[in-house]
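The values are calculated or read from the model by the stated rules, or taken from the named source; none is laboratory data. Given the structure is predicted, the values throughout are model-derived calculations rather than measurements. Here the Cβ positions follow ideal geometry from the backbone for every residue, glycine too, while neighbour counts run over all protein chains shown. Surface accessibility is based on the protein's heavy atoms, side chains included, excluding ligands, DNA and RNA. Shrake-Rupley method; radii C 1.70, N 1.55, O 1.52, S 1.80 Å.
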Amino acid sequence: MVSWFRRKPSNPPGQSPAQAPEAEPRPDAQTPATVGADPHEAGLPAPAAPGKTGWLQRIGKLLNTDVAELLGRNPILDDDLLDEIETALITADVGVTASSELIEALRKRMKSREFADARALLKALRAELVALLVPVARPLAIDAGRKPFVIITVGVNGVGKTTTIGKLARRYKDEGRSLMLAAGDTFRAAAVAQLQAWGERNGVAVVAQGQNADAASVAFDALQAAKSRNVDVLIADTAGRLHTQGGLMDELAKVARVLKKLDPDAPHEVLMVIDGTTGQNAINQVRKFNEKIPVTGLVVTKLDGTAKGGVVFALAREFGIPIRYAGIGERPEDLRVFDAEAFVDAMLPETLGG
């Protein structure tokens, strides 16, 4: 049985308004009186400031201290200095290969005497890092000619897929798009309830079946419903799975195959969510998922926590897959369109002082 969830003034038949939020881990979701104020956001930190300032506030300058100290105490530009910068990059999860290539490019320029001082080297380092990310800093463009535009979210357990879907729903709703969500994570009971709660908060319909239902069947039903309702965007959740779990990985390919029965071009976007704290393991995750279902976009979450975040450079070099969004906070508006320059400026010191 397919169930639909919308925010309504009266209870849907056979269901009380407390059912969906009941499994949501936040208890304030069960307070109907606070629906208008969105109680889920009441206890959250304020959203990050707009523009580059927000990135600067949240990312924590992952290379700031190391690079500032290295360049500040090494007025003489030499190979030892570059080796130490390379170590700082690797420590920040930029990756061995990406770090080595970047440093070798700087080494050649240093030997050509292009850098007058440490400030010039810092400027060049910034430019090299930005150049690595600019080709993949491509926002997700919703093609209005493909209706509904179908997005599948994939990723390992605990990266924040369902929360990312909720934030995307808010973004697209604010843009004036009609949308629908498909609760395809049928292995985790709380995931269905969580997505239903996000749907209620955003006034978005959610297609769901029971726990352990076939994920491909949920996606198929959702696409049928989205077509009949002339919806602009359909976002389908999938169960979190380790990239080493062959059976579950094969299920992703099945979801895509089933969708193509209704729309040969679907899914139009396969959005993989990466935990920014994962480090270099993210490379293996993307490689394995990409083998089963071609990943067309990335979302890097949790960059406001303990994440070193440098893995985005390794991902950019290894795969060239567009990085669509980055999560720099808990609120919906903290899911930002990825900005290469803002990201690099937030991770490096603005000046060296003195």
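What are the residues in the stretch 228-252 that are within 27 Å of Ala144 (Cβ to Cβ) and more than 23 Å from the chain's Cα centre (by Cα), if any? Steps first, please.
From the stretch 228-252, those within 27 Å of Ala144 (Cβ to Cβ) are 228-238, 252; that's our starting set.
Selection gives Ser228, Arg229, Asn230, Val231.
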query: Residues in the stretch 133-156: is at least one surrounded by 21 or more Cβ atoms within 10 Å (Cβ to Cβ) and farther than 30 Å from Arg257 by Cα?
result: no
statement: Asn290: passes all of (1) modelled with pLDDT under 95; (2) touching a His at 6+ places or on another chain (Cβ under 9 Å) but (2)
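Among the residues of the stretch 173-227, which ones are among the polar types (S, T, N, Q) and either under 22 Å from the mean Cα position of the chain (by Cα) or at positive phi (or both)? Quick ask: steps written out before the conclusion?
Going residue by residue through the stretch 173-227, those that are among the polar types (S, T, N, Q) are 178, 186, 194, 196, 202, 209, 211-212, 217, 224.
Passing the criteria: Ser178, Thr186, Gln194, Gln196, Asn202, Asn212.
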- prompt: Could you count how many residues in the stretch 88-117 are hydroxyl-bearing (Ser, Thr, Tyr) and modelled with pLDDT under 90?
  reply: 1
- prompt: Among Gly305, Gly309, Gly329, Gly279, which is at pLDDT below 90 and either open to solvent by 20 Å² or more (accessible area, probe 1.4 Å) or part of a strand (DSSP E or B) (or both)?
  reply: Gly305
task: Within the stretch 236-258, identify whether any single residue is in contact (Cβ under 8 Å) with a residue 24 or more places away in the chain and in contact with a His (Cβ under 6 Å, 6 or more places away or on another chain), and answer yes or no.
output: no
message: Within the stretch 131-138, does at least one residue satisfy the condition of being at pLDDT 95 or above and within 30 Å of Lys227 (Cα to Cα)?
response: yes
- prompt: Restricting attention to the stretch 102-117, does a residue exist that is crowded, with 19+ Cβ neighbours inside 10 Å, under 17 Å from Leu132 (Cα atoms) and of a type in the set (Asp, Glu)?
  reply: no
- prompt: In the set Glu318, Glu350, which member is open to solvent by 10 Å² or more (accessible area, probe 1.4 Å) and closer than 23 Å to Asn281 by Cβ?
  reply: Glu318
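Can you tell me which residue in the stretch 282-299 is most open to solvent (accessible area, probe 1.4 Å), limited to those that are closer than 27 Å to Asp143 by Cα and in a helix (DSSP H, G or I)? Please lay out each step first, then the result.
From the stretch 282-299, those closer than 27 Å to Asp143 by Cα are 286-287, 289-299; that's our starting set.
Restricting the remaining residues to those that are in a helix (DSSP H, G or I) gives 286-287, 289-292.
Working: Val286: 0, Arg287: 85, Phe289: 0, Asn290: 57, Glu291: 120, Lys292: 83 Å².
Across the stretch 282-299, the extreme among qualifying residues is Glu291.
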- line: Those residues of the stretch 218-261 which are at pLDDT 95 or above and either of a type in the set (Asp, Glu) or in contact with an Asp or Glu (Cβ under 7 Å, 6 or more places away or on another chain) (or both) amount to Asp221, Leu223, Asp232
query: Can we say Ala316 is under 17 Å from the mean Cα position of the chain (by Cα) and either among the β-branched types (Val, Ile, Thr) or part of a strand (DSSP E or B) (or both)?
result: no
